[in-house]
């Protein structure tokens, strides 16, 4: 039945207030207000805002769930990232490099030479804001289910995790320091792993180094067991060895993982690769008939151990590259990469920012993350570029900023 037919029906009695308004608003528009109540009658007008998904999920309840999952995520849900980073909020850290104190033979009348104290070096960190929007129209929400909205939220969580991992890998793979990065009018020098930039690494026990010392190594062949030992030695010579309490983590691509898993003493390697439980490993039986227990899963993502290394297959690491890191534990300051967050605690972590309507925050909402990276422990990481005949070259995917 058309609105004209309704208008022609003599049985329809219109209130006096309605009749007075018809001349100013128009009959058809006012009739819709009277006879059709939008969402309650199945019509989703632009003036109406849906409060529930098609499966009955309340959108405000969904918003509260989003905030709770973000709270859990920001509590460092990623075991691997947490073991190679530590938290920092300053633009620059001042790091003391202690000098060895040394006794001298005493004389009857002289005064001993005073301890000269530690050197001080500055380590800077970048900082950028990142955001991602999922905007919903009323037409989409009219048909959306809780699963649809959850899928978008999970996409945002995965994108956040991938963003952080990408920026951490970019910091590790690139040997070039960032000099004079502007940050609130403060010139910040962001350093990388030891890269032959002229800064002399501090001595460690009997080991000394030159300003040409680098932790960006190359190998003309595929990865070998000897090259893994060389990587571990580079870390140990700076006080980041297993004997110093560090856990050594080796990040590799599938290509390198397939080689390392074949390393056996019987074929000339220094150790046998032992697969972990999550890589299909059970009890390992070496050739001599003895029984060696499987790795204890210190690093949840590891596929197994080779000597001192907890080997993690992570395909965000490109083929022909290996990353060796010394971890002091979850968010330990001895981890190599500083993860800088905002000084204001309310601005830290991944945030879901509500849209313009505070009573319906899901509409027009977006995600926001502010963070930066830098290396504090320059000797706690080493990169190996295999099948590389010339000088070290960082992988193309991690050269330019995103």
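Given the conditions (1) buried (at least 18 other Cβ atoms within 10 Å of the Cβ); (2) without any contact (Cβ under 8 Å) to a residue 12 or more places away in the chain, which single one is not true for residue 158?
Tallying (1) buried (at least 18 other Cβ atoms within 10 Å of the Cβ); (2) without any contact (Cβ under 8 Å) to a residue 12 or more places away in the chain, residue 158 fails exactly one: (1).
Being modelled with pLDDT of 75 or more and farther than 17 Å from residue 334 by Cα is the filter here; which residues of the stretch 76-102 pass it?
91 - this is the single residue of the stretch 76-102 that is modelled with pLDDT of 75 or more and farther than 17 Å from residue 334 by Cα.
Just to confirm my filter: which strands (runs of 3 or more DSSP E) fall fully inside the stretch 158-268 and include at least 2 residues that are closer than 30 Å to residue 130 by Cβ, in the same structural domain as residue 369 (by TED's automatic domain parsing) and in contact with a helix residue (DSSP H, G or I) (Cβ under 7 Å, 6 or more places away or on another chain)?
Fully inside the stretch 158-268 and qualifying: 247-252.
Return yes when residue 392 is modelled with pLDDT under 90 and either in a loop (DSSP other than H, G, I, E, B) or not assigned by TED's automatic domain parsing to the domain that holds residue 201 (or both) and no when it is not.
no
The values are calculated or read from the model by the stated rules, or taken from the named source; none is laboratory data. Keep in mind the model is a prediction, meaning the values are calculated, not measured. Neighbour counts are summed over all protein chains in view; Cβ atoms, including those assigned to glycine, are modelled from backbone coordinates with ideal geometry.
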